[in-house]
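What follows is a short report on a single structure.
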Amino acid sequence: MHADALPVLEAAPEGRPNLLGLTRPALAILLDRIGVGRTHALRVFRGLHALRLPLDAIPDLGRHAAVIAAHTRRPPMRIAEARQSPDGTEKLVFALADGARVEGVLIPMKGDRVTLCVSSQVGCAMACRFCATGTMGLTRGLDAGEIVAQVHAATARVAAAGGRLRNIVFMGMGEPLHHYPATRDAVRILRDDGGPCFKARHITVSTVGVVPKMRQFARDFGGRVQLALSLHAGTDATREAIIPLAKRYGMEALRRACLDHPLPGSRKLMIEYVVLPGVNDGPDEIDALAAWCRDLPCLVNLIPFNPFAGAPYRAPTADEVLRVATQLRARKVPHSVRWPRGRSVAGACGQLALESTG
C-alpha cells in the first residue's frame, strides 16, 4: 500500500459511504467498526477494484458480504451513450444513480494503450470562458466512488476491444481541486497496488489554479502524481478576462505555488495554454509567459481552442498555433502542441457539456 494512502473515512450525505470510494485504510476502519474485521480489507478491496466484482461474488467473503452491503452503498453507473470520432477518440456519457450525467473521453495512444479523461463534478463552477462545461454551472461534485466507477466502466470497455487503459487524466467536467477530498481519495484508490494499481506518473490532475489546494495536493502526493496547471495567459489582465478565479489567485501566487511544488527526478509541471487568436497569442503575452516560466521546470502544452455553441472565440488555424510555438521556441520555453482529438463528437478539450451525440 502506498504511503500517501492515509486512513480517511468520510460519511456520505445518505449516511452510508460509497463502497467504491473508500481507500483501503478507510475500508479497514469500516470493516472493524461493523464487526467484519480489518483482516478482510485487502480481500474486499482487491475484489472491488482489481477484479471489479459485485460484493457477493468476492471469493471467501461469505456471510460478511451481506453485513458490508447493509452498511455501505454502491450506486450504479452505466455508460448511457458512446460515440467514436473518426480519429478513434470515443466520448462516453456516464449515467449516475440520481439521474445526473457526466462525460468522459477515451483517447487511443500508441499500440493498445488508451487514456481516459474523467470528470470530477456535474458541471463546473469556474466559468472559464473558453470551456463549454463552464457554461453549465455546478450541479454537484462526484464522490470518490463515482470517479472510480468511471474508470471501472472504461477499463471494461477498453479491455473488451483488446486495449489497455494506461493513463487517467482528471481533465473532464469539473475542477478537480474545487472538490478536493473526492479527487484525493479517487487518486489514492487508483494508485493502490491492491486494486487498480495505476502508476503515479500515469495519473494527471488538472486545475485552473486553486492555490491552497495545489499546495495540499503537493503535500499529499509529494509531486509523484502529475499536476497540470491551466494557465492560458502570460498576464493577470488577460487571465482575469478569461478565467474568473484569476481575480482571487493571480499569476504571482500561481508561480510561487509552482516553484514550491515538489518534482521528483526529472519531472516537470505541465502548463496548459489554450490558444485564443487575438487574445493570448501576441508577442507581449508570450513574452510575459516566458518570463513567468523562467527557472520553473515546466512544459507548456499548447491547446488549440475547440469551439462550442455560443463561445466568444474562434478556433485558431494550424499556422496560428505553430506561430505561438515558434515564439516559445525563440524564447527557449519547452513546449508541445496537443492537437484536437474527438472534436467531431464534441469530445475535445473544453467541449464537454452533455450535448447529445446522437
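Between the amide H of His335 and those of Val300, distances stay under 5 Å, these residues lying 5 or more places away or on another chain, with hydrogens modeled in the peptide plane.
Gain on full extension, evaluated as 0.36 nm per residue between Ala82 and Arg248 minus their Cα-Cα distance, stands at 56.0 nm. Return, ordered by residue number, the residues of segment 269-293 whose backbone nitrogen is under 20 Å from a label point located 7 Å along Cα→Cβ of Leu259. Residues 269-272, 287-293 fall inside that zone. Along the charge dipole of segment 1-146, pointing to its positive end and built from +1/-1 on Cβ of Lys, Arg, Asp and Glu, which listed residue (Ala80, Ile29, Gly15) has its Cα farthest out? Positive-end residue among those listed: Ile29. Coupling constants for segment 272-278 follow from the phi torsions by the Karplus curve (6.51 cos²θ - 1.76 cosθ + 1.60, θ = phi - 60°), and in residue order they are 8, 9, 6, 7, 10, x, x Hz; glycine and proline get x.
Cysteines in the chain that lack a partner Cβ within the 4.7 Å cut-off: Cys117, Cys124, Cys197, Cys258, Cys293, Cys298, Cys349. Annotation: the antiparallel percentage among DSSP beta bridges lying fully within the chain is about 40.
Remark: spin-label model distance Thr135-Gln216 equals 3.1 nm, labels positioned 7 Å along the Cα→Cβ axis. Bridging of Lys268 to lysines at a Cα separation below 27 Å is possible for Lys110, Lys199, Lys213, Lys247, Lys332, once same-chain residues fewer than 8 apart are set aside. Between Asp98, Asp192, Asp112, find the one with the highest GNM mean-square fluctuation for the chain; connect C-alpha pairs within less than 10 Å. Of the options given, Asp98 has the highest mean-square fluctuation. Averaging Cα coordinates gives a centre for segment 71-139 and one for segment 174-231; these two points are 17 Å apart.
Each reported figure results from applying straightforward, stated rules to the coordinates on display, with no laboratory input. A quick note: this is a predicted structure, and the numbers were derived from the prediction, not measured. With ideal geometry, Cβ positions are generated from the backbone for all residues, glycine too; neighbour counts draw on all protein chains shown.
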